[in-house]
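Engineer: Dropping a structure here in structure tokens format, bear with me for questions.
The values are calculated or read from the model by the stated rules, or taken from the named source; none is laboratory data. Keep in mind the model is a prediction, meaning the values are calculated, not measured. Positions of Cβ are backbone-derived with ideal geometry, glycine not excepted, and every protein chain shown enters the neighbour counts. Please note that ligands, DNA and RNA were not included when accessible areas were found on the heavy atoms of the full protein model with its side chains. Shrake-Rupley method; radii C 1.70, N 1.55, O 1.52, S 1.80 Å.
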Amino acid sequence: MNAKIAVLPGDYIGPEVTAAAVEVLDCVAHRYGHTFHFEYAPAGCTAIEEKGDPMPESTLALCRAADAVLLGAVGGPVSGSKWDELPGHLRPEAGLLRIRAELGLFANLRPARLYPQLREACPLHEQVVGDGIDMIVVRELVGGLYFGPRGRKQTSGGEAAYDTMIYSQSEVERIARVGFETARGRRGILTSVDKANVLESSRLWRAVVERVAREYPDVTLNHLYVDNAAMQMALNPRQFDVIVTGNLFGDILSDIAGAIIGSIGMLPSASLSEGTFGLYEPVHGSAPDIAGKDAANPLATILSAAMMLRHSLGLPEEALAVEGAVEAVLRDGGRTGDIARPGEAVWGTRRMTDAVIARIGK
Ligand code: IPM
Ligand code: MG
């Protein structure tokens, strides 16, 4: 097949991990007789430097004309960078939110699986892990607290700032359906996470999810409050198959998922709109501290590319080949710094990528 892939390397380790995934996709194209065209555009700090905008219109246009988007990571250091002083809507992260909204990428799938080879990298006790962790967080990505009305105002207590969590029935319905469909294709258990004991938006969320559930009698639905869900992920992660939740809760829970599978450097994601179009990015950030040192784990981005092959390009066999290659490399002892045990040899980004490519074969 012929596919056009927009590549947004972004900032710091972003270009290193996207380069790795592009090499893997090139290898897949060669091995299976496809043609992938890669076209590059700036995003995040890089785009602010080049175009004065974290998500320029030209970058969005390139993405709209593509079959899928591969994104590295955007953002600068956590504090003390020149981008901190920019107004909120021009911060690098605002670019990411903009592309999600502009392209209608409402469903964010974040599969978290503990590879048996990485058992030692998992911080949880053996009895807790049992025969493994394998869940997907389905996060609503273009609504909720991230996109509600916000602002500043003067109050008797001085300046105040506010953000608003709003969810409409139709927004909840469409993400709930993705949750149910995903669960249907797996072990058939869906956990909806909210804060319905406190938040009105969560009470609507829960009512809508329950209504949609009637269409999916084959899926077992349960509800958890987000605080309890966070605790349950650490205490008993095996109870989870698919988690469906709102934007903010999904952001937080997916980092916990990264921690319990050994490293957020192993966590891929797909952000999907209606239809096959999608944006694929690792869940981890731009990691300025290790940028340019050949130290980043490229596997989350490579696994994101596998998700692209499956969801957007309709190439499930090729997706399995990439995922199988990653597993084989882990079995062969491939470890970047984030997943290495003390004393284990640490591989660089380059070596890890070469090993995956060698496993896929030409
Ligand atoms: C993520 C990230 C982003 C988010 C940031 C970089 C805006 O943390 O994709 O999880 O909060 O959605
Ligand atoms: Mg996050």
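Engineer: Does the range 327-362 hold any residues that are free of Cβ contacts under 8 Å to residues at least 40 places away in the same chain, over 23 Å from Ala259 (Cβ atoms) and not hydrophobic (A, V, I, L, M, F, W, C), and which are they?
Structural biologist: Of everything in the range 327-362, those that are free of Cβ contacts under 8 Å to residues at least 40 places away in the same chain, over 23 Å from Ala259 (Cβ atoms) and not hydrophobic (A, V, I, L, M, F, W, C) turn out to be Asp332, Arg351, Asp354, Arg359.
Engineer: I need the full set of residues from the range 55-90 which are in contact with a helix residue (DSSP H, G or I) (Cβ under 8 Å, 6 or more places away or on another chain) and of a type in the set (Val, Ile, Thr), in order please.
Structural biologist: Thr59, Val69, Val74
Engineer: Looking at this structure, is Val7 in contact with a Phe, Trp or Tyr (Cβ under 6 Å, 6 or more places away or on another chain), closer than 21 Å to Ser269 by Cα and not basic (Lys, Arg)?
Structural biologist: yes
Engineer: Pairs under 8 Å by beta carbon, first residue within 11 Å of ligand 1 (Cβ to nearest atom) in the range 274-289, partner open to solvent by 10 Å² or more (accessible area, probe 1.4 Å) and among the acidic types (Asp, Glu), six or more apart or different chains?
Structural biologist: Val283/Asp255
Engineer: Here's a follow-up. Could we say that Asp294 is within 16 Å of ligand 2 (Cβ to nearest atom), surrounded by fewer than 22 Cβ atoms within 10 Å (Cβ to Cβ) and touching a residue at least 60 places away in the same chain (Cβ under 8 Å) here?
Structural biologist: no
Engineer: Continuing with this model, one more query. Kindly indicate whether Phe180 is on the phi < 0 side of the Ramachandran plot, surrounded by 12 or more Cβ atoms within 10 Å (Cβ to Cβ) and touching a Phe, Trp or Tyr at 6+ places or on another chain (Cβ under 6 Å).
Structural biologist: In short, yes.
Engineer: Tell me whether the range 8-23 contains one or more residues that are assigned by TED's automatic domain parsing to the domain that holds Arg98, assigned to a loop (DSSP other than H, G, I, E, B), farther than 17 Å from Gly278 by Cβ and open to solvent by less than 60 Å² (accessible area, probe 1.4 Å).
Structural biologist: Looking for residues that are assigned by TED's automatic domain parsing to the domain that holds Arg98, assigned to a loop (DSSP other than H, G, I, E, B), farther than 17 Å from Gly278 by Cβ and open to solvent by less than 60 Å² (accessible area, probe 1.4 Å), one finds at least one in the range 8-23, hence yes.
Engineer: Where the second residue is within 14 Å of ligand 2 (Cβ to nearest atom) and part of a loop (DSSP other than H, G, I, E, B) and the first is of a type outside the set (Lys, Arg) and lies in the range 137-157, which pairs have Cβ atoms under 7 Å and are six or more apart or on separate chains?
Structural biologist: Partner pairs satisfying both residue conditions: Glu140/Gly246; Gly144/Gly246.
Engineer: Still on this structure, please answer the following. Can you name the strands (runs of 3 or more DSSP E) wholly within the range 97-195 that have at least 3 residues being at pLDDT 95 or above and of a type in the set (A, V, I, L, M)?
Structural biologist: Strands (runs of 3 or more DSSP E) meeting the threshold: 107-113, 134-140, 189-194.
Engineer: So which pairs qualify, if the first residue must be in the range 228-242 and surrounded by 13 or more Cβ atoms within 10 Å (Cβ to Cβ), the second must be basic (Lys, Arg) and assigned to a loop (DSSP other than H, G, I, E, B), the Cβ gap must be under 8 Å, and the two must be at least 6 apart or on different chains?
Structural biologist: Taking only residues 6 or more apart or on different chains, the pairs are Asp241/Arg186; Asp241/Arg187; Val242/Arg186.
Engineer: Suppose we filter Leu97, Leu114 for residues that are in contact with a helix residue (DSSP H, G or I) (Cβ under 8 Å, 6 or more places away or on another chain), within 13 Å of ligand 1 (Cβ to nearest atom) and not small (Gly, Ala, Ser); which single one remains?
Structural biologist: Leu97
Engineer: I would also like to ask the following. Could you run through the range 127-151 and say how many residues are open to solvent by 40 Å² or more (accessible area, probe 1.4 Å) and over 25 Å from Lys195 (Cα atoms)?
Structural biologist: Number satisfying all stated conditions: 3.
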